[in-house]
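Reviewing the structure listed below.
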Amino acid sequence: MADWNRGQNSSAMDEVLDAENKRMTDNLANKASRLKLLALDIDRETDTQNRYLIDGMDSDFSSVTGLLTGSVKRFSGMVKSGRDNRKLLCYISIGVVVLFFILYFLVSHAHT
């Protein structure tokens, strides 16, 4: 009689374990599905940001390069010209240095 009850308990226990395994398998499948969707969202977001960085920054650098090239040409022309422009260049240089020190003073005292 004890062996018969043990077999019955064993089959009931197997059914409980099978049900638990199915529940846990479904739970794991749901988590894996959510992780897959999250990974795809991250992939799309990185592609979008890479396109923005490559396209946007490339055009920004091109415009800055053009601006700097034009400024260097004008500065070279001013240096090569007569004495009046050299006096103006001296005043501009002194003004830039003074502006730099004023900004340095303001920024250093803003943090304290």
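Directionally averaged projected area (the chain, Cα convex hull): 16.3 nm². Applying 0.36 nm per residue to the separation of V64 and I102 and subtracting their alpha-carbon distance, the gain on full extension is 11.1 nm.
Quantify, in whole percent, the carbon and sulfur part of the accessible surface of the chain (1.4 Å probe; protein heavy atoms only). Spell out each step's value before the answer.
On the way: 6720 of 10370 Å².
Answer for the chain is 65 percent, counting heavy atoms of protein chains only.
The range 28-78 and the range 80-109 have Cα centres spaced 35 Å apart. Return the lysines within reach of K36: Cα separation strictly under 30 angstrom, same-chain partners fewer than 8 residues apart disregarded; answer none if there are no such residues. The reachable lysines, counting only those whose Cα sits under 30 Å from K36, are K22.
The values are calculated or read from the model by the stated rules, or taken from the named source; none is laboratory data. If you're wondering where the values come from, they're calculated on a predicted model, not measured in any experiment. Remember, those area values only see protein heavy atoms, side chains included, never the ligands or the DNA or RNA. Shrake-Rupley method; radii C 1.70, N 1.55, O 1.52, S 1.80 Å.
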